[in-house]
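The values are calculated or read from the model by the stated rules, or taken from the named source; none is laboratory data. What you are looking at is a predicted structure, and each value in this text was computed from that prediction instead of being measured. Note that each Cβ is placed from the backbone with ideal geometry, even for glycine, and that neighbours are counted across all protein chains shown. The protein model used for the area step is the full one, side chains on, heavy atoms only, and it has no ligands, DNA or RNA in it. Shrake-Rupley method; radii C 1.70, N 1.55, O 1.52, S 1.80 Å.
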Amino acid sequence: EREITDRNYWINRGSEETVKMADRMLEVINEFAPGYQLTYTKFYIGLAEDGQPNNFVQFRPRKNALNADIRVSFSEEIQDDVMKNNLDDIGYDKRFNRFRFRLSKNDIVAKRDFLKNLLMKAYENSR
């Protein structure tokens, strides 16, 4: 029997709190790209606009954190900003051109401007 991958699937894999963190990130995305919604797959929570996937960021809720993979070409400047913002960097994924972070609830509030700018870059590059 095939497992249904929906919001509850990710609440069970992660937690209610970390899935809500993905909702908060979506609110940030909708400020510059209205109309995006979360999509739930077996491997990540992605994004779609009018049913068309555009996964310029992928979320993976864990028990105590939200992993976010943001698709932006590597640059020393961005890497320096990551360090300055004290984000929990889990390594740049060269294969898929993604900056990878483990975000806490506090990061989404305290590092909001930095995350929004990075998400905007990823969005612009995806168009």
Exercise for review: Relative to the longest principal axis of the C-alpha atoms of the chain, give the angle of the C-alpha long axis of helix 16-32, reported between 0 and 90° and rounded to the nearest 10°.
Suggested key: 60 degrees
Check your understanding: For the stretch 1-111, what's the relative contact order in percent, using C-alpha pairs closer than 8 Å and at least 6 residues apart?
Key -> 22 percent
Exercise for review: Specify the angular offset, from 0 to 90 degrees and rounded to the nearest 10, of the alpha carbon long axis of helix 112-125 from the longest principal axis of the alpha carbons in the chain.
Suggested key: 80 degrees
Study note, to complete from the structure: Ordering 120, 21, 83 by the accessible surface of their heavy atoms, 1.4 Å probe, largest first, yields 83, 120, 21
Point to revise | Under-20-angstrom lysine pairs by C-alpha in the chain, whenever the two are 8 or more apart or on separate chains | key: 14
Practice item. With r as the distance between the Cβ atoms of residue 3 and residue 112 and R0 = 25 Å, compute the FRET efficiency 1/(1 + (r/R0)^6) and round to 0.05. Key: 0.15
Review point. Roughly how many percent of the accessible protein surface of the chain is carbon and sulfur, given a 1.4 Å probe and a whole-percent answer?
Key: 45 percent
